[in-house]
Amino acid sequence: MRRSLVGTAVTLAVGTLLTAAMTTASASPGAAATPTPEVRVPRPVLVDCLWHQDVRPADFILACGDGNSRLTGLHWAQWGPREATAIGMNVVNDCKPYCAAGTFHAYPVIVRLDDPMPWKKHPDVQHYTRMSLIYTDARPEGFGHVMTYPLWD
């Protein structure tokens, strides 16, 4: 019985020493991986008609005065520090015979935002200053395959 108590004590002591050695080794500076500092690149925003900033909006009004052109159902593939791209629909009023009596038509588009600059309202915030719409099928009368617009500041 005495022999088993000594054996148990020796086993516990060896286990304790091994645990202490492993803890010390893993805590040493050379054993642990040095964490890489996270570099955060500020993402530009999209400024709407009411001077609100947004990131990846689902909808966006292009014709602020009358709402006769807007983007809907936007699905963003990317939103980066230099550009953003999405697919969606450009819903445009044909204004025939006049805008109040016109019909809205939806056209599939690829939306590209780029040319980020500091926003005048908040100079520490970057905002996209240019939008290009690429029509992938039909397009409104008088529109080109690609339409590029400056965005307000």
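List of remarks:
- Test: residue in the stretch 135-150 that is in contact (Cβ under 8 Å) with a residue 60 or more places away in the chain, surrounded by 14 or more Cβ atoms within 10 Å (Cβ to Cβ) and touching a Leu at 6+ places or on another chain (Cβ under 6 Å): no
- Test: residue in the stretch 90-99 that is polar (S, T, N, Q) and in contact with a helix residue (DSSP H, G or I) (Cβ under 8 Å, 6 or more places away or on another chain): yes
- Residue satisfying all of: in the stretch 90-114; buried (at least 17 other Cβ atoms within 10 Å of the Cβ) and of a type in the set (A, V, I, L, M, F, W, C); nearest to Arg43 (Cα to Cα) among these: Leu113
- Of all residues making up the stretch 45-64, the number that are without any contact (Cβ under 8 Å) to a residue 12 or more places away in the chain and either on the phi > 0 side of the Ramachandran plot or among the basic types (Lys, Arg) (or both): 0
- Within the stretch 115-134, being among the basic types (Lys, Arg) and exposed (fewer than 15 other Cβ atoms within 10 Å of the Cβ) holds for Lys120, Lys121.
- In the stretch 80-87, the condition of being touching a residue at least 60 places away in the same chain (Cβ under 8 Å), out of contact with any Asp or Glu (no Cβ under 9 Å at 6 or more places or on another chain) and over 18 Å from Thr148 (Cα atoms) is met by no residue.
- Qualifying residue in the stretch 33-47 (condition: modelled with pLDDT of 95 or more, part of a loop (DSSP other than H, G, I, E, B) and within 24 Å of the chain's Cα centre (by Cα)): yes
- Listing of strands (runs of 3 or more DSSP E) fully contained in the stretch 59-153 that carry 2 or more residues being β-branched (Val, Ile, Thr): 83-93, 104-118, 126-135, 146-150
- Residue that is farthest from Ser69 (Cα to Cα), among those in the stretch 123-133 that are in contact (Cβ under 8 Å) with a residue 24 or more places away in the chain and not hydrophobic (A, V, I, L, M, F, W, C): Gln126
The values are calculated or read from the model by the stated rules, or taken from the named source; none is laboratory data. Only a predicted model underlies this, so the values are computations on that prediction, with no experimental measurement involved. Heads up, the Cβs are rebuilt from the backbone with ideal geometry, glycines too, and the neighbour counts pull from every protein chain shown.
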